[in-house]
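Since the structure comes first, as structure tokens, the remarks are kept for the end.
The values are calculated or read from the model by the stated rules, or taken from the named source; none is laboratory data. Keep in mind the model is a prediction, meaning the values are calculated, not measured. Because the Cβ atoms are built from the backbone with ideal geometry, glycine has one as well, and the counts that use them run over all protein chains shown.
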Amino acid sequence: MGSTGMDMTQVERAKALLHGWLASRLSPEALGWLDQQIALIEGGERPLQLGIAIGLAPRKVGKDDLALSFAEQEAGREIRPDLDATGWSVDQAARILFVLASFRGEEAAFAGAFDRILAAAEIGEQIALLRGLPLFPAPARLVSHAAEGVRSAMQPIFEAVAHRNPYPREQFSDAQWNQMVVKTLFIGSRLWPIQGLDARRNADLARMLIDYAAERRAAGRTISPELWRCVAPFLEGAEIAMLASILCDGSEAERGGAALALSESPHPSAKAALEAAPDLAAAARDGRLTWTMIA
Amino acid sequence: MYIDPHAHMISRTTNDYEAMASAGVVAVIEPAFWIGQARTNVGSYKDYLSHILGFERFRAGQFGVRHYCCIGLNSKEANNEALAEGVMEILPSFATKEGVVAIGEIGYDEQTALEDKYFRLQLDLARDLDLPVMIHTPHRDKKRGASRSMDVILEHKVDPSRVVIDHVNEETIGEVKDRGFWAAFSIYPHSKMTAERMVSLVKTYGPERLIVDSACDWGVSDPLSVPKTAQLMADQGLTAEAIRLVTYANALAVYGKSGQMSEDDWLSPPPIDQRTLYQGNTVLRGGQAPRVVTKDAG
């Protein structure tokens, strides 16, 4: 887990990035409002201004998709490695920018203000604030909020943390990470938009997922083919036998997932199991079949 | 399409949401109120407000129903001064949140001095924030309470065309309409207003500025009151336009003045909302005729 805490200079660069994205999309009137709010929040003389600006953002700047170009996303990743703003809207970008504007160099004060804002946030605000986690200073102080987001019964809030977000990979403990991955499958969401899935595979997660797969199988329910991605390096004989049978009678996506898992497994019997599906085995080997394709 | 502009969905089940959606209810307004027993501190009030703006909105969206809120300190809990002071401090930040269409439901319960104080403060807040107002009229001493509410609203320079007086009945409708306010009627199985009486009120007074709601909550109440009343109105010969006004368009007109509620929200939702917060109404999506389940029609 790398520490990617943002200092004042990095926060200023992140603010300039978001402001640039918004400036080319907002009307002069909306941009004027945005700049006025940033100045008020930076000034720090009106402590309630941050919450008010975050609340008013959609009605002032609208809710259009941000729809960044590839070059804009690249510029984002230069300032914040692995930043992925796909699917962000303009009001979300504005809300994240306001939070950044409240940082005055003191991490504890920033984290305290963030606590207060999130405690009274409505659903749209929560999604925006959690999507902004990778850009905020003092990331280690915000872990409890990310973990709480993962506990949410609201799928879009859960996904604001889990999907397209480098924060969990960098900050979550194994226990927190594993809960997030298992819950992703449990609520019928997708694994592939999670960053760092392969790098953070671990034996405990594999055990939980194998148990979960067995439970689903016993109940006669389908198993997401994505599940095997986190299990592949830890496959034992029983799972290899299960995958071998899926390879014979599964759906196209299930067979693909089984082939990918077996091809990544170091277990000696995996290679033999793959011989039942030579075409899929070859596709997995040469990259024509990927985990994203079977999701 | 119907709007139920007064529904405490936090107390209702998923069956209710399914029934409302399939009966053609496209949007509900959840006014902040008490929850059957008094809260004892501002923390639980804050969590209640973020609950109706958070999980409840999400829940509604899963059933294809758009969910809006009114934010306010209700008259019953205004009698706890320590609580009321705390709530007044947090109200401005909640009232400016997305999807808040009015300050409400506020007004009088027993008509105490404390109720009067916080009613007035919230009228000023609504005026300052340029938000419509939903008024709860008292169950006891209703006629005088309603009349007094309207006096105080005008005294505080809030435009009556931005104020809905709710729980109106035959005794109060005349004054509410004459003074330029919107009149809302909570159609209850056993109290307040019935669908039959509602039909004759629309016939007598015309559909202009009249609004039908269910005020469904944790008590005996019917979340299908709006579509059922619309059905009865059609059976008894009211025009389609009159029915549209009292069960849909009038509520949209007054609460839409907040800038937070528009037909586009359910007819052409923004892509970002469709992906995250709103599953789309099956009635609109599939084009089926709205269906009213009438097993407990009363």
Quick check on A:Ala67: is it within 13 Å of chain B (Cβ to nearest Cβ), out of contact with any helix residue (DSSP H, G or I) (no Cβ under 9 Å at 6 or more places or on another chain) and not in a helix (DSSP H, G or I)?
yes
Given the condition touching an Asp or Glu at 6+ places or on another chain (Cβ under 8 Å) and on the phi > 0 side of the Ramachandran plot, answer yes or no: does some residue in the range B:148-155 qualify?
no
Which pairs do you get when a residue that is in the same structural domain as A:Cys230 (by TED's automatic domain parsing), found in the range A:245-267, comes within reach of a residue that is among the acidic types (Asp, Glu), reach meaning Cβ atoms under 6 angstrom, with the pair 6+ apart or on two chains?
A:Ile246/A:Glu254
Just to be sure, is B:Gly36 part of a loop (DSSP other than H, G, I, E, B), surrounded by fewer than 19 Cβ atoms within 10 Å (Cβ to Cβ), at positive phi and more than 11 Å from every other protein chain (Cβ to nearest Cβ)?
yes
Residues of the range B:221-257 that turn out to be touching a Pro at 6+ places or on another chain (Cβ under 6 Å), under 17 Å from B:His167 (Cα atoms) and surrounded by fewer than 24 Cβ atoms within 10 Å (Cβ to Cβ), as a count:
1
Scan A:Arg164, A:Arg201 and give me the residue that is over 30 Å from A:Lys15 (Cβ atoms), of a type outside the set (A, V, I, L, M, F, W, C) and part of a loop (DSSP other than H, G, I, E, B).
A:Arg201
Filter result for the condition that a residue is within 19 Å of the chain's Cα centre (by Cα) and either part of a helix (DSSP H, G or I) or in the same structural domain as A:Leu18 (by TED's automatic domain parsing) (or both), over A:Ala109, A:Ala121, A:Ala146
A:Ala146
Look at A:Gly220 and say whether it is modelled with pLDDT under 95, closer than 30 Å to A:Ala273 by Cα and within 14 Å of chain B (Cβ to nearest Cβ).
no
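Quick test for you: out of A:Pro193, A:Pro266, A:Pro168, A:Pro225, pick the one residue that is modelled with pLDDT of 95 or more, more than 30 Å from A:Arg80 (Cβ to Cβ) and either out of contact with any Asp or Glu (no Cβ under 6 Å at 6 or more places or on another chain) or buried (at least 22 other Cβ atoms within 10 Å of the Cβ) (or both).
After applying the criteria, what remains is A:Pro225.
Residues checked against (1) surrounded by 14 or more Cβ atoms within 10 Å (Cβ to Cβ); (2) of a type in the set (A, V, I, L, M, F, W, C); (3) at pLDDT below 95:
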position: A:Ser27; (1), (2), (3): no, no, no
position: A:Glu78; (1), (2), (3): no, no, no
position: A:Asp91; (1), (2), (3): yes, no, no
position: A:Phe98; (1), (2), (3): yes, yes, no
Strands (runs of 3 or more DSSP E) completely within the range B:87-190 that count 1 or more residues being within 14 Å of chain A (Cβ to nearest Cβ):
B:100-107
Can you name every one of the helices (runs of 4 or more DSSP H) wholly within the range B:200-265 that holds 3 or more residues which are touching a residue at least 12 places away in the same chain (Cβ under 8 Å) and over 24 Å from B:Val133 (Cβ atoms)?
B:225-235, B:240-244
Only one of (1) part of a helix (DSSP H, G or I); (2) out of contact with any Ser or Thr (no Cβ under 6 Å at 6 or more places or on another chain); (3) surrounded by fewer than 21 Cβ atoms within 10 Å (Cβ to Cβ) fails for A:Gly188. Which number is that?
(1)
Residue count for the range A:111-144, restricted to those that are touching a Leu at 6+ places or on another chain (Cβ under 9 Å) and away from every other protein chain (no Cβ under 14 Å)
10
So A:Thr9 ticks every box in (1) within 14 Å of chain B (Cβ to nearest Cβ); (2) of a type in the set (Val, Ile, Thr); (3) without any contact (Cβ under 8 Å) to a residue 40 or more places away in the chain but one. Which box is left unticked?
(1)
